[in-house]
Each structure stands twice: as structure tokens, then as C-alpha cells.
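Below is one structure, written out as C-alpha cells; the observations come after it.
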Amino acid sequence: MMVQAQSRGSGWARAQTGLNGLGPPQATSHFYTVKNRLTGKVALITGGARGIGAATAKLFAGNGAHVVIADILDELGTTLADSIGGRYVHCDVAKEADMESAVQLALMWKGHLDILFNNAGIGGPTGSITNLKMDHMTALLAINMNGIVHGIKHAARAMIKGGKGGSIICTSSSAAIMGGLASHAYTLSKEAVLGIARSSACELGIHGIRVNCVSPHGVPTEMLVSAYQTFLGKMDLSPEEVSKTVGKKGSLLRGRSGSVEDVAHAALFLASDDAGFITAHNLVVDGGYTSGCSQMSHIYQG
């Protein structure tokens, strides 16, 4: 059925009422609530002192969550935690005991844990596979891979004991989807994140625990900016310049790169009840880059 567009006025009012006469959705429904999507929830965020983690901590707190920031950047983490009414804990995710302590802090503070944003990670060694130093790769995997496992393990224990389910979100990367977007070691680690998240989701679903990933691309965090500075030999290269470069070539949405806020909103969705039937999923925040190429589309669609 085709409905003819009408100008504002009585026709607009009728359109707002709805074709079935039931009127617009009521604001009381959680589907239409903009703020407080995490009211009363307790969230633990690793790598939460800066970048994507910090943006997510602020957004979670703004939506009613009690946030524990776990990081090794003590000054930044403490300042941020204080500013959002949260807690900070020093945590090297490569050390299982540190991760367990971070979870215990959340439990001692509020008595339960509802959300883990498993976000801590490093860029690691670059260069040819023929020159890859295995000890450097092992050090990266200790954080990017083992750290993720430590987080899932101890968060799941707390959530199972709590008996109310939960949401575990792991940061992967577009590098896990498309080759050539990062170093070999980093790519390996982020592929592993997807695998352990899916595997864990299969086991933990019976407890009402959802396990998902978010995969950013081209977000001008400290890690990406540093990589561009080294590659281009311009140590004064700014995040804005990196963002502009990504916007030109690294996104189908030309002129725009991703931001830490874009990733934070993706994490908020996965953490909230709005994603209550979503698990074992990888939410890619890449402006369509890994799904299609617009370089030749003008031949067929121009």
C-alpha cells in the first residue's frame, strides 16, 4: 500500500496518530528511552582510562551505570573514575590475579557485576612476518588474547553466581575481518578474540550471559595515531589529521572516520537490554569499509 506524503497540519497530526489509530509509542517503553539504559547496572571496563574505554565509561555512567575502571594508567583512571562517580583499580589484564581482583572490587562495591567491557589491548610489533620476534608476539598475546580470556573467565564466574545473567563485550578489530589492516601479531590476537567470544557465548547462554564483540576501524585513538606517526615519519601528526586521512580512504562514508564515541555507543547497545537477544555477534563499527568497496561502483551505479 502506498501512502501519499502530506504537509504538516491536520494530515501530519493524523500521520502521527498512526495508521492503526493507536497513536505514537508511549515514552514509558524502554525501546524509546534515550537515557538511563543501564540504570543500576554495574560495569567493569578494562583499558578504561583513555580512548575508547574512557568514552565508554562516561557513556555508561551517563546512562545510569556504576562503573569500575581497570587500567595501568593510574592517574588518568583515578581522575576519570572520580569524575563519573565510579571506582578505579590498577589492573594488568595479562595477570589473571589482577583481573580477578578487579571483578572482586565491583562485587565488594555493589554486590554484583552485570557488564564487562573487555577492552584493554596494545598495538604490538610491526614489520615483516619473516622478521617477527616471537617474544614480542608472546608479550602482545599475553594482553590482547590472554587478557580477554581472564576477563571472560572471572566475569562469568561472578555473573553465574549472581544468577541474573549479564553482558560481556570484547573489543576485536576490523583487522580480524580483513587482512592487511594491522600488524601480524595484532591481527592474530583480534581473530582469537572473535573465536573465544563465540565459544564462550555457546557455553554461557544457558546462564543468561551474552558474549559479543565490537570491532572498531580507523578510530584515531592513541594507538592508531602512533602507528600513523611512525609510518609517515611525522611524530607531530595530530588525531584530526589521521581522522581526515581515514575519512578519505578508509570508509564508505566519505569525509568521516569513526570516533571513540561511535564505538562507545555500539558497546552501550550491546550492554543494554535492547540487545537482549543478541549473543555470539560481532558488531563492526567501520563505516562499511570491510563490507564493500565504492571505488568501482560508479561503473555500474553512476
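Every read-out reported here was derived from the displayed coordinates using simple, explicitly stated rules and does not represent laboratory data. Since we're looking at a predicted model, the values are computed, not measured. Counting neighbours? That spans all protein chains shown, and the Cβs are built from the backbone with ideal geometry, glycine included.
One table, with the values for the structure above:
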| read-out | value |
| --- | --- |
| Residue exposure sequence - I115, I143 - by fewest surrounding Cβ within 10 Å | I143, I115 |
| Simple label model, 7 Å out from Cα along Cβ direction - L253 to T39, nm | 2.9 |
| Top positive-direction residue, dipole computed over the stretch 145-220 with Cβ charges, set H150, G208, S173 | G208 |
| Contour minus Cα-Cα distance for A139 and F269 (0.36 nm per residue) | 43.6 nm |
| Magnitude of the charge dipole, the chain, Cβ model with Lys/Arg +1 and Asp/Glu -1, debye to 20 | 860 |
| F277, F117, F269 arranged by Cβ crowding within 10 Å, fewest neighbours leading | F277, F269, F117 |
| Within the chain, helix-based [θ] at 222 nm, where runs of 4 or more DSSP H residues each add -39,500 (n - 2.57), nearest 500 | -13500 deg cm²/dmol |
| Segment E203-L132, length gained on full extension (0.36 nm per residue, minus Cα span) | 22.1 nm |
| Eligible lysines near K244 by straight Cα distance, threshold 22 Å, same-chain separation 8 or greater | K234 |
| Given charges at beta-carbon only (K, R positive; D, E negative), |dipole| of the stretch 21-167 in Debye | 560 |
| Structure-derived Cα Rg over 2.2 N^0.38 Å - corresponding label in (i) 0.96; (ii) 1.10; (iii) 1.02 | (ii) |
| Relative contact order (%) - criterion: Cα under 8 Å, at least six apart; region: the chain | 15 |
| Two-site label geometry, E240 and K153: point separation in nm, points 7 Å out along Cα→Cβ | 4.5 |
